[in-house]
């Protein structure tokens, strides 16, 4: 009994001591190595595509990343060379002219930085990737009530709008879709929609997606979900399905899992990269094909 009283008194004393400490303590955290970071893409859409070049920065850096200017950036594929030009009003951001990549074609990215703040020698980076295949398009987009009796986390069943596309899926069971939702032309982000960021076609390959032969218990499969509280009559809802490689899927998953990495450890989070360089560059250059479908929301669709 005396021992228990001793420990209780010690705990109380430590608690009072902790509460009495109000002096701020500044930790001298070691800085990590600065390396180039590449974020880039090419799609099958006829538009201007972008590559962003920067240097890595500390987690608590409030000034933003240092951008990499003056680089030579281009992509070679199928005998064509596609140049990315730095924007005068946006350093470190490189855009192509309007051009469209081709599905199933392999592309090779080259980045050369003659003058840089890391080394006295030029920085050289490259990546090889194949543009993924995709369905020919989305025929229509259904806006339906949530019919999953088990429910979806963070979603009020009576207030959910499920986004269910209809299209002929490819027979490739390894296709993964990176899903983007748009509301009136702007990218839509809320907690439930993030559940569907990555959607595997395993189990649905070869079917007419959400067609009669695929449906189970007459329940359509959503690739996204919105809450009615965000919607008004006449709103235009769009779904974009980016067909991505399995490696790129792991890269995206690694980024999510890397949130909260302790900066005091002095190491980079274990995320994938498809970049090769002479200075340990990180990031990803992605070539992907995209299909999209849209529909107009009316409250009357859900009246019983």
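The values are calculated or read from the model by the stated rules, or taken from the named source; none is laboratory data. This is a predicted model, so every value here is computed, not measured. Here the Cβ positions follow ideal geometry from the backbone for every residue, glycine too, while neighbour counts run over all protein chains shown.
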Next on the checklist: Taking the criterion of being surrounded by fewer than 15 Cβ atoms within 10 Å (Cβ to Cβ), at negative phi and modelled with pLDDT of 90 or more, would at least one residue in segment 244-261 satisfy it?
Outcome noted: no
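Have a look at 273, 229 and point out the one that is at pLDDT 85 or above and either outside the structural domain of residue 180 (by TED's automatic domain parsing) or in a loop (DSSP other than H, G, I, E, B) (or both).
Values: 229 fails: either outside the structural domain of residue 180 (by TED's automatic domain parsing) or in a loop (DSSP other than H, G, I, E, B) (or both).
Only one candidate passes the filter, namely 273.
May I ask you to list the residues in segment 61-117 that are free of Cβ contacts under 8 Å to residues at least 24 places away in the same chain and not in a strand (DSSP E or B)?
Residues of segment 61-117 free of Cβ contacts under 8 Å to residues at least 24 places away in the same chain: 61-64, 69, 79-81, 83, 85-90.
Within segment 61-117, 61, 62, 63, 64, 69, 79, 88, 89 qualify.
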